[in-house]
Amino acid sequence: MENVTRSGFNRTGAQTSLHTVQNMQAFADEQSPSGPSHIDGVLEGRSIASVRAESVHAAERIGSVPIPTTLTGVLATGLSKLTGHRPEVLVDKLGERLAFERTGVRLYQALIDKAEAVQADVALPFTIGELKHIRDEELEHMHIVTSALEGLGADPTAQTPCADVAGVASSGAMQVLSDPRTTIAQCLETILSVELTDGAGWDLLIRLSGSAGQDDLIKPFSEALAREQVHAQQVKGWLERAVVDDLD
Amino acid sequence: MNLLDHKGVPLDKQGLTWKEMAGQPISKLDDEAFTRVRIILMNGIELDALRLSHIGARMNADLRLPLARVRRIEQHQATAVSWLIGADHSPLETTIAYEQVAIEVTAAVAQQEPDPYLAQVYRFGLLEDFDHLYRYSALLDRMEGKDANNILQGNTDIVPGRPTVDEHRAPEDDLRHPYTAKADLLSKLHATLITAAEYQTHDFYMTIGPTFADPVARQLYAEIASIEEQHVTQYGSLLNPRQSFLELWLLHEAAEVYGYYSCAQSESNPRLRALWERFCDYELGHLHHVCELMKQHERRDPAEVLSRELPAPLPFHSQREFVREVLATEVDLRASGPDFVPVEQENPASIAYRERVNADGSPSTEVAAAYHWTSGTELNRPLARAA
Ligand SMILES: [Fe+2]
Ligand SMILES: [Fe+2]
Ligand SMILES: [Fe+2]
Ligand SMILES: [Fe+2]
Ligand SMILES: [Fe+2]
């Protein structure tokens, strides 16, 4: 089937069955408790806020940052060079960046697989080669972070808390990219938000490395950031072409 | 349809490939809500076929091989049906659909049911799942910012039923009188179908409940899963305990035939209609296989258990007017042992149990405090628009 969205009989809206939904609304109006009288009440969903607050107070953290446990481990490695009072913040964010880039390779591969499948039927706003180039740069970036973690004596195979949370956040992107029903434009929309987040992540990492006294990381990270900014611009342009321009 | 003359597809001719099992899902947006209702119902029945089959195998050495053979097909049918739900359904959206099944199918069953006591049991359970829909709709709106009617498509009302907070009962108040050996075939099929559907709902909530991050959702699923367990207890107790295992198995296959037959009669999606028809023929094959086993192992004529004609198909359409009438007249009913009584005569054991489980607060009450379903979500109310 053609990789574009057409108009059709979407049944989700109230106007699909207008009289029925009016009847349904009238019954709900009659049977439901009266709602909050102030907009804050609506936005907070009333007592949901208090359940959340109670749970936030009681909650434990998702997990911890792995740091070499022995003093010799720390001294023998670059971690001893870390200035600033919380070296684990840098390790955690490096772990996040590593996981993000690693997943990024797979996200681009999913887009490449889809683009290759549909290229005979629809005009693509990019070449497959351009996508492969970005995919390969994501892989390079992953290895830049791996080396940085190794240089600090930290374990690049560990899943840090920020890496874990980034994985939760990108699980929706993976669902969109890997769903055979989604269009190239829908996938680009998702990739764009990934790239924008990616760029902001590198930017933060550069500042963090500087404040942790890891000046030798700033150069490779800045190069990665420059490439990520190009990615975001490219994807934004492709998305515009796919959605706005007539590609038929 | 004549149950005893239609032999269906023989067991050794039944089979699916992985790609048939993991085929094209339905469209959440474009397919009819009742197509999804059929999928969820039939998935529930197939999973219950596996469950019953395993219980039987534990107790019947001679039946282990025939059970294993039929079970393999049931597994693949269950997969083909379950995989029809598209990946864009969030677990909570699928939950809304599960409650729609519990409401619309149970309401249809309650009206077709020839035995007045059994019909009362279905009406009683129905008002509880009806309330679950209201609570989950509040969660969907307040957590994900979505309108449950995108799933329900105008077929099912979203208002309070028997409050979930009051549904927690002592076990002795969840057991009902079973149907007897003389009961109509339709009564036996109904009890089998609804028990299966509730079991699946329970298992689904137990599986997805802990995957939510929001404590409001985690607590709500914990609470409602407990009611679904009560519902399995209630509906499961309708099955006559004096039936032999082979009789239970035979009835289960008949219920599978009846389910697929009913789906095929009403399905609007041609691809799914073809699937329902194919599986109806598979189930007839299972049924006749079990008929032979019954003759062989129990020296009994299956016609004693089955009537010749399959009952009229189960209707799949909105039961709004019936549900509203039951809500207006029976929402205050409570249980006292197997009987239904006015609220003031409820068994004290249930009241004591309820006080204990609700002692720390009531998730179903908290999530839906002042919830008033509004087309387009409660953020679409004039108050929110003006702000
Ligand atoms: Fe990247
Ligand atoms: Fe990138
Ligand atoms: Fe329910
Ligand atoms: Fe239920
Ligand atoms: Fe079967």
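Where a number appears in this text, it was derived from the coordinates with a stated rule and is not lab data. The structure presented is a predicted model; accordingly, all values stated were derived computationally and were not measured. Here Cβ is always computed from backbone atoms with ideal geometry, including for glycine, and neighbour counts include all displayed protein chains.
Listed values, structure above:
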{"quantity": "Checklist (1) in contact (Cβ under 8 Å) with a residue 60 or more places away in the chain; (2) crowded, with 24+ Cβ neighbours inside 10 Å; (3) within 12 Å of ligand 4 (Cβ to nearest atom) applied to B:L139, failing item", "calculated": "(3)"}
{"quantity": "Residue match in the range A:86-97 (condition: surrounded by 16 or more Cβ atoms within 10 Å (Cβ to Cβ), within 14 Å of ligand 2 (Cβ to nearest atom) and in a helix (DSSP H, G or I))", "calculated": "yes"}
{"quantity": "Residue selected from the range A:124-160 under the condition under 17 Å from A:K236 (Cα atoms) and part of a loop (DSSP other than H, G, I, E, B), by the criterion nearest to ligand 5 (Cβ to nearest atom)", "calculated": "A:L124"}
{"quantity": "Check on B:R324, under 30 Å from B:Y261 (Cα atoms), within 14 Å of chain A (Cβ to nearest Cβ), touching a residue at least 40 places away in the same chain (Cβ under 8 Å) and crowded, with 18+ Cβ neighbours inside 10 Å", "calculated": "no"}
{"quantity": "Where A:R181 falls short, out of the listed (1) away from ligand 2 (no atom under 16 Å from the Cβ); (2) in contact with a Lys or Arg (Cβ under 8 Å, 6 or more places away or on another chain); (3) under 30 Å from B:G86 (Cβ atoms)", "calculated": "(2)"}
{"quantity": "From A:T190, A:T182, residue being surrounded by 19 or more Cβ atoms within 10 Å (Cβ to Cβ), assigned to a helix (DSSP H, G or I) and within 14 Å of another protein chain (Cβ to nearest Cβ)", "calculated": "A:T190"}
{"quantity": "Test for A:L217: is it in contact (Cβ under 8 Å) with a residue 24 or more places away in the chain and either within 16 Å of ligand 5 (Cβ to nearest atom) or within 26 Å of A:G129 (Cβ to Cβ) (or both)", "calculated": "no"}
{"quantity": "Count of the range B:337-373 residues which are within 14 Å of another protein chain (Cβ to nearest Cβ) and free of Cβ contacts under 8 Å to residues at least 60 places away in the same chain", "calculated": "5"}
{"quantity": "Pairs where the first residue, in the range A:5-20, is more than 7 Å from chain B (Cβ to nearest Cβ) and the second is of a type in the set (F, W, Y) and assigned to a helix (DSSP H, G or I), C-beta under 7 Å, 6+ apart", "calculated": "none"}
{"quantity": "Qualifying residue in the range B:8-21 (condition: among the acidic types (D, E) and surrounded by 21 or more Cβ atoms within 10 Å (Cβ to Cβ))", "calculated": "no"}
{"quantity": "The range B:208-225, subset among the β-branched types (V, I, T) and away from every other protein chain (no Cβ under 12 Å), residue surrounded by the fewest Cβ atoms within 10 Å (Cβ to Cβ)", "calculated": "B:I208"}
{"quantity": "Yes/no for B:G209 being more than 24 Å from B:M21 (Cα to Cα), within 16 Å of ligand 3 (Cβ to nearest atom) and without any contact (Cβ under 8 Å) to a residue 40 or more places away in the chain", "calculated": "yes"}
{"quantity": "Any hit, the range B:48-64, residues being of a type in the set (S, T, Y) and closer than 25 Å to B:T192 by Cα", "calculated": "yes"}
